[in-house]
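See structure below.
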Amino acid sequence: MPPKADPYATKLHSRINVFLLALTVIIFAIVLQTSQGATKQFDGGTSADTATGTSTSWGSTNGLSWRLDGVPTAADDVIFDNVFLPTLQNVQLGGSGSRVANSLTLSLTTDQTWSLGANSTGSSGTTATLTLTSGNITRTNTANSMLNTIGATSGMGLLTGAVTTLSTTAAGFTIANQDTDGGLQINAVVTGANKSVTIAGPGTTTFSGANSYTGSTLISSGKLVAQVGTLVSTSSVTVNAGGTLMLSGNGRHLGNATGVILNGGTFNTGGFSEPTTTRTIGQNIGSVTLQASSILDLANGSSVIAFADSSTRTWAGTLSIYNWTGNTVLGNGTDQVHFGDGVTGLTLAQLNQIQFYSDSGTTFLGTATWAPDMDGEIVPTFVPVPEPSTWAAGILAVVGAAFAQRRRIMRVRGTA
């Protein structure tokens, strides 16, 4: 006969199991909270770490720049706002080396410039890298925000540094400017082999650093202003509906192999040329894929833009070329658009999918044909506009034909 169970021991064992389960849950919650990180708000520091004007420290030993929460870890979300910095501007976060965070949010009510790669006196020569675990940078305020490089001046809220770099351990960066008032300018160098960049939000983001990331660039919404040299390494630039890529400055903006994928968005040259102001055979940016009806806006000024042969690329919808000013007969005018180096850079079907306008979509000039020089330039086909006298003659001819037909019908009826 088996021994009789001890009720007291059974109850004790049950209570121990409950205690161990509760302890496990508590430990798991602590670990989970730690792994998720905390929110660190930068306040400029207090006491010995006080930022009275323009200088303070990211990596202070006492962590006072982060409201006694300690220096951010790779799991922490960092916020720069005006809750604790109502008047501080153009902050130089001193010291060289690496800085880490999970994400970065700029939520400022006054124009701010944050120089991550300067020392405490703001002098140049130090290097700094900010690595974001998630790759997320978000601007939520109405003021200008700039992530700046060393020696940069105030202007917009900014990530900057002549030798400051941005990196991520994620697949890429997501830069979201959530407000149409003000702008977000990133002067820091965005780095990463095969790392991608996504531009989101309705606002304007400006790249001005010598970016070296080699993955793709997606403008999901809003506007990306690309200054010279900022997109030369990216593999492709996709512009979705509601998005705009705008060039800024004279010089090369995109790389030789940077493909342009237009998916309902706008490629605005800003009146500048790409890759050069003088057309040179063999000097192009990448090919064009047209996934949905899109706009190539030549804006004001003189734009010479040369794409690679795109005849094998998928084209769906219409490519509308706005603000074209040129020579419809000979080409080589003020504005020039090239595909490839001869007359094979586009198929006949693709040529018919292009519409030229002398303004922003009202005055139609014609579909595309090759210019006589046969160097890849396309020009609008000539669409004659009848003179008023021609319209009058046509109307009279139609009316006369109608009367003649009526008389013939009456004769037939009279002889029936």
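Hey, among 199, 261, 175, which residue is closer than 19 Å to residue 290 by Cα, in contact with a strand residue (DSSP E or B) (Cβ under 8 Å, 6 or more places away or on another chain), among the aliphatic types (A, V, I, L, M) and not in a loop (DSSP other than H, G, I, E, B)? Explain how you work it out, then say what you get.
On the way: 199 fails: closer than 19 Å to residue 290 by Cα; 175 fails: closer than 19 Å to residue 290 by Cα.
Selected residue: 261, the only one of 199, 261, 175 that is closer than 19 Å to residue 290 by Cα, in contact with a strand residue (DSSP E or B) (Cβ under 8 Å, 6 or more places away or on another chain), among the aliphatic types (A, V, I, L, M) and not in a loop (DSSP other than H, G, I, E, B).
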State which residue is surrounded by the most Cβ atoms within 10 Å (Cβ to Cβ) when the search covers only region 277-309 and only residues that are under 22 Å from the mean Cα position of the chain (by Cα) and farther than 22 Å from residue 228 by Cβ. 294
Where the second residue is exposed (fewer than 14 other Cβ atoms within 10 Å of the Cβ) and the first is over 20 Å from residue 271 (Cβ atoms) and lies in region 334-358, which pairs have Cβ atoms under 6 Å and are six or more apart or on separate chains? 341/281; 342/374; 343/374
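Out of all the residues in region 300-319, is one or more part of a strand (DSSP E or B), in contact (Cβ under 8 Å) with a residue 12 or more places away in the chain and among the hydroxyl-bearing types (Ser, Thr, Tyr)?
Looking through region 300-319, none of the residues is part of a strand (DSSP E or B), in contact (Cβ under 8 Å) with a residue 12 or more places away in the chain and among the hydroxyl-bearing types (Ser, Thr, Tyr).
In contact with a Gly (Cβ under 9 Å, 6 or more places away or on another chain) and modelled with pLDDT under 95: does that describe residue 263? Lay out the reasoning, then the answer.
Numbers: in contact with a Gly (Cβ under 9 Å, 6 or more places away or on another chain): yes; modelled with pLDDT under 95: no.
Judged against the criteria, residue 263 is not a match.
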Could you tell me which residue of region 188-219 is farthest from residue 129 (Cα to Cα), considering only residues that are modelled with pLDDT under 95 and β-branched (Val, Ile, Thr)? 204
Suppose we filter 325, 312, 318, 334 for residues that are within 29 Å of the chain's Cα centre (by Cα), surrounded by fewer than 12 Cβ atoms within 10 Å (Cβ to Cβ), of a type outside the set (D, E, K, R) and at pLDDT 60 or above; which single one remains? 312
Determine whether residue 222 is at positive phi and at pLDDT 95 or above. yes
Of the conditions (1) surrounded by fewer than 20 Cβ atoms within 10 Å (Cβ to Cβ); (2) more than 14 Å from the chain's Cα centre (by Cα); (3) not aromatic (Phe, Trp, Tyr), residue 220 satisfies every one except a single condition; which number is it? (2)
Against the condition within 27 Å of residue 316 (Cβ to Cβ) and assigned to a strand (DSSP E or B), how does residue 205 come out, does it pass? no
Conditions: (1) farther than 22 Å from residue 172 by Cβ; (2) at pLDDT 95 or above; (3) not hydrophobic (A, V, I, L, M, F, W, C). Residue 270 meets all but one. Number of the miss? (2)
Inside region 234-257, the number of residues satisfying the requirement of being closer than 14 Å to residue 204 by Cα, of a type in the set (Gly, Ala, Ser) and part of a strand (DSSP E or B) is 2
Looking only at region 267-299, which residues are polar (S, T, N, Q), outside any loop (DSSP other than H, G, I, E, B) and under 25 Å from residue 344 (Cβ atoms)? 289, 291, 294
With respect to residue 307, is the statement that it is farther than 23 Å from residue 250 by Cβ and either at pLDDT 95 or above or not aliphatic (A, V, I, L, M) (or both) true? no
Here are some conditions: (1) within 12 Å of the chain's Cα centre (by Cα); (2) surrounded by fewer than 24 Cβ atoms within 10 Å (Cβ to Cβ); (3) under 23 Å from residue 277 (Cβ atoms); (4) small (Gly, Ala, Ser). Residue 233 meets all but one. Which one does it not meet? (1)
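The values are calculated or read from the model by the stated rules, or taken from the named source; none is laboratory data. Note that the structure is a prediction, hence the values are computed from the model and not measured. Cβ: placed from backbone, ideal geometry, glycine included. Neighbour counts: every protein chain shown.
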